[in-house]
Amino acid sequence: MTITIEDLRVLTLPLELSALLFLVLIADIATSSVRGKTFTGWLTFWGLCVVFGLTFVSPVAGEAFGGRFRADTWTLFMTRWFIVAGAVVTLGGIDRIRRMASRRQGEYNLLLLFSLLGMVLLIGALDLILLLLCFELSSIPLFVMAAIEKRKGQEFKLMLTAEGAIKFFLVGVVSTPIALLGLALIMGMVGDSSIAALDGATTSPLLKVGLLLLLSGMGFKLGVVPFHMWVPDTYQSAPAPFVAFLSTAPKVTALVALARILVSGLQNRSELWTPAVTTLCVGTLVMGNFWALGQRSTKRLLAYSGIGHIGYFMMALLVGDNTGMAMFLFYVVAYLLTNIGTFLVVEAVCGRSEDESIDVFAGLSRRSPWLAMSMLLFLLSLAGIPFVVGFWAKLYVFIAAWRAGYSWLVVTGALLAIVALYYYLQIARVMYMNEPKVKDPIAVKPSLAAGVLICLLGIVGYGAYPRPLLESARAAADAFMQTRSATVSVSLR
Amino acid sequence: MTIGSVYFFLCAIACIAGALVTVVARNPIRGALGLLLTIVGIAGMYLKLHAQFLAAVQVIVYAGAVVILFVFVLMLLGADAMERPTGNRSPVARIAGGIGIAAIVLFTAYRAIQVYSRATNGHFPSLSEDFGSVKSVGKQLYSEALAPFELSTALLIVSVIGAIAVARTGHKRTALSPNNLTSAHRFFGGPVEPRDAAQPITKDSTL
């Protein structure tokens with residue numbers, strides 16, 4: 001096998017991202033003032049906007065490295081949404097990172113771009129080794145970003161950050177070898193590292209052990225019950241704009257990696273993995289939503305709600321066909337926009353005081369009515385109330401799961417959505433009913449407000465008119481389910 | 001007894017002895033050196049399995065880099081960084097725990113071999129002559145596995161940048177003596193040099 005320039009042409013999008021990465025690296029080295037370091041944040045944001053624009057200019061389709069990497073409609077769809085997530089999180093976080101980690105802004109943005117590069121490569125990877133390496137590239141930067149804030153003279157806060165970051169780091173590095181061992185067993189039973197070869201695996205206990213190890217390794221990364229312990233602690237202690245990223249893009253990446261192996265690789269052998277995934281799905285749905293009920297800290301509440309959402313994602317994966325993947329992708333977009341928006345509002349309200357209990361939201365409607373309204377819409381979208389995008393996402397997943405014969409799972413999911421509604425509306429009640437402790441409006445930086453606005457437009461727009469998103473999700477899902485080399489085409493939707 | 005099995009037993013004894021030293025040794029440096037012995041023993045076993053490349057990497061990475069790093073960290077943190085084990089469980093409980101874990105590991109290994117030999121009818125497929133040689137691994141690395149190989153360089157850059165970003169402290173140290181520094185301080189505040197242990201850190205001393 002020889003590598004030609006054609007191979008690199010297929011990698012256009014990741015290479016564009018790498019070019020941006022080098023620009024940010026050089027900008028970080030060339031500047032020494034805090035203002036200069038903040039410039040790297042703006043460079044990251046505008047650079048990501050340019051890369052996003054370029055996805056509409058030069059779509060490339062094809063296979064590279066002997067079929068180990070493929071660019072098609074699916075990679076284009078996912079790349080766009082990952083870039084949107086990265087750009088919005090950078091925009092929303094610029095002010096917070098400048099305040100709390102002024103000397104380390106360059107590293108923060110650089111690591112964010114590295115993580116994005118890993119994600120963008122992962123979605124096209126058709127090889128188990130490449131898949132794992134891309135996944136590691138996307139998750140290792142996050143450990144550092146979780147520990148990026150070091151507070152002057154606040155011993156307690158320092159300890160809290162350290163605790164959250166170290167828990168995240170340890171869970172991350174311990175779960176990788178578990179997943180790796182699982183992959184090694186699977187590869188040993190298949191005899192090849194390509195995804196297309198997975199279907200021909202001999203059914204043996206070792207293959208099942210491998211799948212189980214892989215699921216538990218990835219379960220730690222995803223934070224599904226019972227591997228979720230690190231999630232609330234890390235979310236609580238890390239800066240909210242970073243949590244906006246951590247709670248969305250890396251989770252989606254881990255789910256995509258799982259989907260690549262289970263849904264697309266083992267699509268004709270679903271009896272091998274559905275029992276384990278169903279168990280994880282039910283456990284995550286039930287426990288995630290019930291544990292969220294008692295939380296008094298907004299970030300912890302959203303952490304448990306995020307765990308609950310992973311359950312809905314897994315329900316979509318369980319369907320295991322093109323429709324299921326399309327609904328999964330729709331849910332991905334809804335979740336990305338909604339969760340990033342929610343955490344950015346949390347940053348706007350709690351960022352200065354660093355007190356993130358629900359009581360801080362008291363009387364928000366009278367202090368900053370726009371902020372309260374956007375938070376309300378995000379919460380409604382998380383809960384799945386009609387005419388914001390979260391409703392369609394849940395509905396589509398339920399329909400797909402019902403048609404695939406998982407009616408009992410749909411009933412469970414719907415009941416737990418009602419439980420979720422209770423704790424989401426609790427925040428809304430505090431915002432609209434309670435008397436504010438402080439009367440003056442909250443000062444929100446324009447960059448943060450712009451980030452919230454982008455998410456808000458997204459959820460309301462797609463909530464009112466979901467059809468274009470649904471159709472592009474369907475096209476992407478069809479491309480995803482093709483494992484064998486086929487005529488790879490790409491549409492510019 | 002062929003010369004091959006003598007070699008195997010020598011390597012096996014080196015592994016087990018090294019592992020025992022790692023666990024039993026009171027002095028952490030001695031423990032690290034025991035680990036070295038285990039690693040060299042495993043490298044020897046790889047050689048016998050015709051995995052020359054793996055053996056070389058095992059020596060270079062684990063014996064050369066990882067153990068040296070362990071020793072560096074131990075020496076940098078100094079004697080005050082080591083906590084004496086405080087558990088006062090009886091030796092009977094400890095031995096029973098050890099035997100229990102050994103039994104689980106042995107049972108799993110036995111079952112795995114059983115399953116594997118049933119799947120292959122006791123005949124392991126023969127490999128090509130140069131399997132595992134430096135030449136064949138190198139060829140793979142620069143042709144079929146080029147993408148993962150290049151990607152691992154990005155992974156290394158991330159690790160270096162991340163380590164610097166975490167280790168660098170911009171703020172002054174608060175007055176805490178090295179003895180009651182917690183692990184969080186060690187993680188974020190950087191290593192404490194043994195020669196500083198005598199003098200308490202004051203507010204003026206910066207990193």
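The values are calculated or read from the model by the stated rules, or taken from the named source; none is laboratory data. As the structure is a prediction and not an experimental result, all values here were calculated from the model. All Cβ positions, even for glycine, are placed from backbone atoms using ideal geometry, and neighbour counts span all protein chains on display. When the accessible area is computed, the model is the full protein with side chains, heavy atoms only, and any ligands, DNA or RNA have been set aside. Shrake-Rupley method; radii C 1.70, N 1.55, O 1.52, S 1.80 Å.
Mind listing the long-range amide H neighbours of A:S357? Cut-off is under 5 Å, sequence gap 5 or more, other chains count too, H placed in the peptide plane at 1.01 Å from N.
Distant-sequence amide H within range of A:S357: A:T298.
From the Cα trace of the range A:121-266, what convex hull volume per residue do you get, rounded to a whole Å³?
Measuring per residue, one finds 92 Å³ for the Cα hull of the range A:121-266.
Test of the criteria: in the range A:284-361, which trypsin sites (Lys or Arg not before Pro) are in a DSSP loop and have at most 16 other Cβ atoms within 10 angstrom of their Cβ?
Counting only loop positions with at most 16 other Cβ atoms within 10 Å, the trypsin sites (Lys or Arg not before Pro) in the range A:284-361 are A:R296, A:R352.
What ³J(HN,Hα) values, in whole Hz, does the Karplus curve 6.51 cos²θ - 1.76 cosθ + 1.60 give for the range A:321-331 when θ = phi - 60°, with x put for Gly and Pro?
Once rounded to whole Hz, the list reads 10, 4, 4, x, 5, 4, 5, 4, 5, 4, 4.
Roughly how many debye, to the nearest 20, is the charge dipole of the range A:381-457 about its Cα centre, given +1 on each Lys and Arg Cβ, -1 on each Asp and Glu Cβ, and no other charges?
Here the range A:381-457 has a charge dipole of around 40 debye.
Can you check what the net charge comes to around A:S33, using other residues whose Cβ is under 13 Å from the Cβ of A:S33 (Lys, Arg +1; Asp, Glu -1)?
My count for the surroundings of A:S33 gives +3.
Using alpha carbon coordinates only, what is the Rg to Rh ratio of the range B:1-77, with Rh defined as the Kirkwood radius?
1.05
Take the range A:331-417, compute every pairwise Cα distance, and split them into 10 Å bins from 0; I just need the percent in each bin.
Histogramming the range A:331-417 at 10 Å steps yields 17, 39, 27, 14, 4 percent.
Assign unit charges at the C-beta atoms only (+1 for Lys and Arg, -1 for Asp and Glu), then state the dipole size of the protein assembly as shown relative to its Cα centre in Debye, rounded to the nearest 20.
Dipole of the protein assembly as shown, to the nearest 20 debye: 1420 debye.
To two decimal places, what compactness ratio does the range A:1-48 give when its Cα radius of gyration is scaled by 2.2 N^0.38 Å?
The range A:1-48 yields a ratio of 1.52.
Amide H of A:F69 versus every other amide H placed in the peptide plane: which residues, excluding those fewer than 5 positions away on the same chain, fall under 5 Å?
Close amide H contacts, sequence-distant or interchain: A:A64, A:L126.
How big is D, in µm² s⁻¹, for the range A:40-185 by Stokes-Einstein at 37 °C and 0.692 mPa s if Rh is the Kirkwood radius over C-alpha pairs?
Numbers: Rh = 16.9 Å.
D, rounded to a whole number, is 194 µm²/s.
Along the range A:86-91, what does the Karplus equation 6.51 cos²θ - 1.76 cosθ + 1.60 (θ = phi - 60°) give for ³J(HN,Hα), rounded to whole Hz, x for Gly and Pro?
Once θ is set to phi - 60°, the couplings for the range A:86-91 become x, 5, 5, 5, 4, 4 Hz.
Around A:L183, what is the net charge, scoring Lys/Arg as +1 and Asp/Glu as -1 over all other residues with Cβ under 13 Å from its Cβ? Write down the numbers at each step before the final one.
Numbers: positive: A:R260; negative: A:D127, A:E136, A:D192.
Value of the local net charge: -2.
Report the Cα-based extents of the range A:416-460 along its three principal axes, largest first, to the nearest Å.
Rounded to whole Å, the extents work out to 36, 31, 12 Å.
Round to a whole number: what % of the accessible area of the range A:1-145 belongs to carbon and sulfur, probe 1.4 Å?
Solvent-exposed carbon and sulfur of the range A:1-145 make up 71 percent of the total.
Semi-axes of the equivalent ellipsoid for the range B:36-78, please: Cα gyration tensor eigenvalues, times 5, square-rooted, ordered largest first, whole Å.
Working through the eigenvalues yields semi-axes of 25, 9, 4 Å.
Could you give each residue of the range B:32-47 its phi-based ³J(HN,Hα) in whole Hz, using Karplus coefficients 6.51, -1.76, 1.60 with θ = phi - 60°, and x for Gly or Pro?
5, 5, x, 4, 4, 4, 4, 5, 5, x, 5, 4, x, 5, 4, 4
As I understand it, the dipole of chain A uses +1 on the Cβ of Lys and Arg and -1 on the Cβ of Asp and Glu, about the Cα centre. Which of A:A303, A:T4, A:S18 lies farthest toward its positive end?
Farthest towards the positive end: A:A303.
On average over all directions, what projected area in square nanometres does chain A have, based on the convex hull of its Cα atoms?
Working: hull surface 86.6 nm².
Averaged projected hull area, Cα only: 21.6 nm².
So how far, in whole Å, is the C-alpha centre of the range A:257-318 from the one of the range A:61-118?
24
For the range A:193-341, how big is the tail of P(r) above 21 Å, as a whole percent of Cα pairs?
43
Using only protein heavy atoms and a 1.4 angstrom probe, determine the accessible area buried between B and A, summed over both sides, in Å² to the nearest 100.
Approximately 2900 Å² gets buried when B meets A.
Just tell me how shielded B:150-159 is by partners: mean number of partner chain Cβ atoms within 10 Å of each residue's Cβ, no decimals.
6
Give, in whole angstrom and from largest to smallest, the semi-axes √(5λ) of the equivalent ellipsoid of the range A:383-493, with λ running over the eigenvalues of the Cα gyration tensor.
For the range A:383-493, the semi-axes come out at 36, 23, 10 Å.
In Å², and per residue, what accessible area does the protein assembly as shown have when probed at 1.4 Å with the other protein chains present? Can you show the working numbers first?
On the way: 31340 Å² over 700 residues.
Each residue of the protein assembly as shown exposes 45 Å² on average to a 1.4 Å probe.
Quick one: the Cα spread of the range A:189-276 along its three principal axes, in angstroms, biggest first?
Principal extents (Cα only, largest first): 46, 22, 19 Å.
Summarise the partner chain shielding of A:133-146 as one whole number: the mean count of Cβ atoms from other chains within 10 Å of each residue's Cβ.
Mean partner shielding for this stretch: 4.
What trypsin sites (Lys or Arg not before Pro) in the range A:385-454 are in a loop by DSSP, with at most 14 other Cβ atoms within 10 Å of the Cβ?
Answer by residue number: A:K437, A:K439.
Just to be sure I understand the interface: list residues from the range A:98-114 that lose 10 Å² or more of accessible area between the chain on its own and the complete protein assembly, 1.4 Å probe.
Checking the loss per residue gives A:R103, A:R104, A:E107, A:L110, A:L111, A:F114.
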